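*Asks:* So that we are looking at the same thing, I have put the structure below in structure tokens.
Bear in mind these aren't lab numbers, they're just calculated from the coordinates by the rules spelled out. Values in this document were obtained by computation on a predicted structure and should not be read as measured data. Heads up, the Cβs are rebuilt from the backbone with ideal geometry, glycines too, and the neighbour counts pull from every protein chain shown.
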Amino acid sequence: MSQTRSNAYIIEIHDRAAGIVTRDQRGFRFFSSERLFDSLEGRQFRSARQAERAARAVFSERSRRANSQLFAN
């Protein structure tokens, strides 16, 4: 039996579609589906999991900044 590996994955962060990653010769390329994650657009990752971690980091940083601005006023 042959094992089938997916060529594309949706990356979701807290029920938000951050983007998709598609497999190519060098790994996985990220395509943003929401403005918050545009900084990752076109970036290459070794794995879909690595791309997900990067999207989570972007989300966490944004949340941290929003909270610090909220409490700064």
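*Asks:* To the nearest 0.05, how large is the calculated FRET efficiency for PHE31 and GLU61 if R₀ is 25 Å and r is the Cβ-Cβ distance?
*Replies:* Calculated transfer efficiency: 0.80.
*Asks:* Label point 7 Å out from ASN7 along Cα-to-Cβ: which residues of segment 19-37 have amide N under 18 Å?
*Replies:* Label zone hits: 20-31.
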